[in-house]
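The values are calculated or read from the model by the stated rules, or taken from the named source; none is laboratory data. Being a predicted model, the structure only gives us computed values, none of them experimental. In this analysis, Cβ positions are derived from the backbone assuming ideal geometry, glycine residues included, and neighbour counts consider all displayed protein chains.
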Amino acid sequence: MTHEERRQKWIPLINSYKESGLSKKTWSKNNGVSRSSLSNWLNELSTDATLPQSKPTNFLLATEVLEVSEPQKYDSVLSIRIGRATIEVTNNITKDTLTSIIQMVNDIC
């Protein structure tokens with residue numbers, strides 16, 4: 001299959017994704033394509049005037065409120081990258097909180 005044939009195959013798929021409002025992960029799973037292929041074609045076709053513009057993305061801010069009696073110094077910070085998101089984690093985060101945040105970011109990215 002030539003590049004132009006693949007491009008023509010992907011145009012309706014990209015239109016479907018953009019109109020769905022779903023995350024890349026969910027749409028890819030529902031449509032039997034890899035998330036990386038979807039991302040690659042989104043980038044390649046981003047300047048194509050025949051495609052609809054992307055809808056704004058809704059974000060959910062997740063925080064954990066900690067009661068602190070004195071200011072704390074953190075011994076270490078871990079940066080986790082998922083797609084275009086970066087999560088900075090200090091050494092006092094709980095496993096459950098980190099797991100929840102990673103799942104939310106994965107659903108968005």
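The residue of segment 8-25 that is nearest to the chain's Cα centre (by Cα), among those that are touching a residue at least 12 places away in the same chain (Cβ under 8 Å) and surrounded by fewer than 14 Cβ atoms within 10 Å (Cβ to Cβ), is G21.
Scanning segment 1-46 for residues that are under 21 Å from R84 (Cβ atoms) and among the hydroxyl-bearing types (S, T, Y) gives Y17, S20, S23, T26, S28, S34, S36, S37, S39, S46.
For segment 52-109, the candidate set comprises residues that are at pLDDT below 70 and among the acidic types (D, E); within that set, the residue that is nearest to S34 (Cα to Cα) is E64.
So G32 fits all but one of (1) modelled with pLDDT of 90 or more; (2) within 28 Å of I102 (Cα to Cα); (3) touching a helix residue (DSSP H, G or I) at 6+ places or on another chain (Cβ under 8 Å); what number is the exception? Tallying (1) modelled with pLDDT of 90 or more; (2) within 28 Å of I102 (Cα to Cα); (3) touching a helix residue (DSSP H, G or I) at 6+ places or on another chain (Cβ under 8 Å), G32 fails exactly one: (3).
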